[in-house]
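Inspection log for the structure reproduced underneath, given as structure tokens.
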Amino acid sequence: MKKTLLLIFALFMGTNMAFAQKSVAEKAAGTYSGLLYIGMGSPVTDETESSEANIRLEKETDTTVKFVLPNFKYGSMSLGDIVLTNIPVYEKADGTIAFGENNPQTLSLVGGMVSANVNIDHSNSTINGAYASVDVYVTTRILFSDVSIYVRFQGNNGDYEPEGIAHEMVGTRTGTAYSQYDGTVTSTSPTSSASAVITATNAQTIGLTLTGVEAQGVEIGDIVFGAVTVTDKGDGTATIGDATATGSIMGAMDYTMTLNGAKSYWSTDSMALDITADIAGMAFHIIFTTGVLPAEEEGPVVTTGPAAELAGTYTAAIYVAMGEPVSAETPKFIDAPIVIEAQSETTVRFTLKDFSLDGVNSLGDIVLNNIPVEKQADGTFKFGTNAPQAVSLAGGAIQANVNIDETTSYVDGEDLYIDVPVEAVGQYIYVHIGLPVTTGIAQVTTLAPNATVYDLQGRRVNSPRTSGVYVIGGKRVYLK
């Protein structure tokens, strides 16, 4: 008995749900107010004059409607009502309503004086939400000549009641836009306060505009995704389809934005949009969210090995030369913080904070990852072979290739001697960090007690056993 009652209840609910859903004819039905364009003998164009008019669509079956254009006029002459019955209608995947093929119907106009064949041009007539654009083709005979009359109505349904997930999404959501040049977006990526503005085109299509988005500090302006398909998941959330937006920044840098639907979503409580961007040939990753990105997962803390011993924050002199290596004549530029972090037992992340070419305006941090380090027998640290890494400076406006010159760079206690060549726009900027570069070779025959001696590879030498050039006290000397 209980199973029977449950079955009856389920059938009852299913029937009521079916009743609650409008048929396509009911969705199309209503009185539309707008403009009527009439082309006598030739199709309607942008130059065709218009006049105010109404049309009615009335449901006949779930999939057919009656079309009524009351008091059809040409100039001052009233031709009467155009009434077409059994016009097929169907709903497309994007939510728009289209008209099906329909044969011309013979109508009596001008009080029976004129007979005309009339049909709706199904290939060019649609209803999109409240808005309808309907082309009507009329052929008749006036006096002794066949005449074609092209009629176009465009207007809005005053009886339209929005429905569908797209209309639920309408509004403005304020959140945060995270951006990252050529990498993964994390909670530490640069941010800007941004908004997503949603309008409904129809039940399943939205217009989406992002405002206030910045990429690495550069304001992009409005990003407009014209028509984005959305799908109701039935649980208060919606999936968002792929879309593309194009534009330019300050009229100088063209961009293409790709909305990744598989990684984007909307719900009544939150929203996230995943965007990959090409800005003037540079790859960016942008995430807009009304929430907060999770913190980047950190690896285990490295506590042993040469990298852990070397790790720390150093303050060192910075020397910068354009186009040629730093020399003894290059003046000290500024003092700047250098951060070395252990990433594994034998590799470090090297960061030159707030790199600048004028000592005032920061171009951003130079960050190099996974630089090999090795501790020498004399307690100094050498850097291993490392390929140039791509570094984004000036908010993405400058792309540089940077590495540490392992042949000349070393760390001795708190003393740094590090060469960092920076290649940008086909030019080299030579950056030297720490102890000054020396030129000229002084000749000595005896060493001062407790003198610290390095070979030209930066390795500490306790007791030089062969004659040659060494570095003593930051100067090159020749020992016999």
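The values are calculated or read from the model by the stated rules, or taken from the named source; none is laboratory data. Values in this document were obtained by computation on a predicted structure and should not be read as measured data. As a convention, Cβ positions derive from the backbone with ideal geometry for all residues, glycine included, and neighbour counts pool all protein chains shown. Accessible surface is based on the protein model in full, side chains and every heavy atom, while ligands, DNA and RNA are left aside. Shrake-Rupley method; radii C 1.70, N 1.55, O 1.52, S 1.80 Å.
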Task: Residue list for the stretch 258-282, filter: of a type outside the set (Asp, Glu) and either assigned to a loop (DSSP other than H, G, I, E, B) or surrounded by fewer than 14 Cβ atoms within 10 Å (Cβ to Cβ) (or both) - done: Asn260, Ala262, Lys263, Ser264, Thr268, Ser270, Ala280, Gly281
TODO: Restrict the check to the stretch 18-38 and report whether at least one residue is aromatic (Phe, Trp, Tyr), surrounded by fewer than 14 Cβ atoms within 10 Å (Cβ to Cβ) and either under 46 Å from the mean Cα position of the chain (by Cα) or farther than 24 Å from Ile206 by Cα (or both).
DONE: yes
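Can you name the strands (runs of 3 or more DSSP E) wholly within the stretch 47-147 that have at least 3 residues being within 22 Å of Leu35 (Cα to Cα) and either in contact with a Cys (Cβ under 6 Å, 6 or more places away or on another chain) or among the hydrophobic types (A, V, I, L, M, F, W, C) (or both)? Reasoning before the result, please.
Values: elements: 50-61, 64-74, 77-91, 97-99, 105-109, 114-120, 126-128, 131-142.
In the stretch 47-147, the matching strands (runs of 3 or more DSSP E) lie at 50-61, 64-74, 77-91, 97-99, 131-142.
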Task: Subset of the stretch 39-73 (residues that are among the aliphatic types (A, V, I, L, M) and within 29 Å of Lys27 (Cβ to Cβ)) - done: Val44, Ala53, Ile55, Leu57, Val65, Val68, Leu69
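Would it be correct to say that Gly39 is under 20 Å from Asp146 (Cα atoms), in a strand (DSSP E or B) and not polar (S, T, N, Q)? I'd like the intermediate steps shown before the answer.
Details: under 20 Å from Asp146 (Cα atoms): yes; in a strand (DSSP E or B): yes; not polar (S, T, N, Q): yes.
It is true that Gly39 is under 20 Å from Asp146 (Cα atoms), in a strand (DSSP E or B) and not polar (S, T, N, Q).
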TODO: Could you please tell me which pairs satisfy a Cβ distance under 6 Å, a separation of 6+ or placement on different chains, a first residue in the stretch 191-216 that is in contact (Cβ under 8 Å) with a residue 40 or more places away in the chain, and a second residue that is of a type in the set (Phe, Trp, Tyr) and open to solvent by 10 Å² or more (accessible area, probe 1.4 Å)?
DONE: Ala215/Phe284; Gln216/Tyr181
Open item on the list: Quick check on my filter: what residues within the stretch 54-95 are open to solvent by 80 Å² or more (accessible area, probe 1.4 Å) and of a type in the set (Phe, Trp, Tyr)?
Closed with: Tyr74, Tyr90
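The rows are residues; the columns are (1) surrounded by fewer than 21 Cβ atoms within 10 Å (Cβ to Cβ); (2) within 16 Å of Val367 (Cβ to Cβ); (3) modelled with pLDDT under 90.
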{"residue": "Gly396", "(1), (2), (3)": "no, yes, yes"}
{"residue": "Val402", "(1), (2), (3)": "no, yes, no"}
{"residue": "Gln427", "(1), (2), (3)": "yes, no, yes"}
{"residue": "Tyr430", "(1), (2), (3)": "yes, no, no"}
{"residue": "Pro436", "(1), (2), (3)": "yes, no, yes"}
- [ ] Name every residue in the stretch 312-343 that is within 14 Å of Val373 (Cα to Cα) and open to solvent by 40 Å² or more (accessible area, probe 1.4 Å), in order of residue number.
- [x] Glu341, Gln343
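Provide a single number: the residues in the stretch 180-227 that are among the polar types (S, T, N, Q), under 12 Å from the mean Cα position of the chain (by Cα) and closer than 19 Å to Ile240 by Cβ. Please lay out each step first, then the result.
Looking only at the stretch 180-227, we keep the residues that are among the polar types (S, T, N, Q), and these are 180, 184, 186-189, 191-193, 195, 199, 201-202, 204-205, 209, 211, 216.
Restricting the remaining residues to those that are under 12 Å from the mean Cα position of the chain (by Cα) gives 180, 209, 211.
Retained after the next criterion (residues that are closer than 19 Å to Ile240 by Cβ): 209, 211.
Selection size over the stretch 180-227: 2.
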Task: strands (runs of 3 or more DSSP E) enclosed by the stretch 148-257 - at least 3 residues per element that are farther than 30 Å from Ala53 by Cβ and either aromatic (Phe, Trp, Tyr) or open to solvent by 40 Å² or more (accessible area, probe 1.4 Å) (or both) - done: 171-181, 191-202, 223-232, 243-249
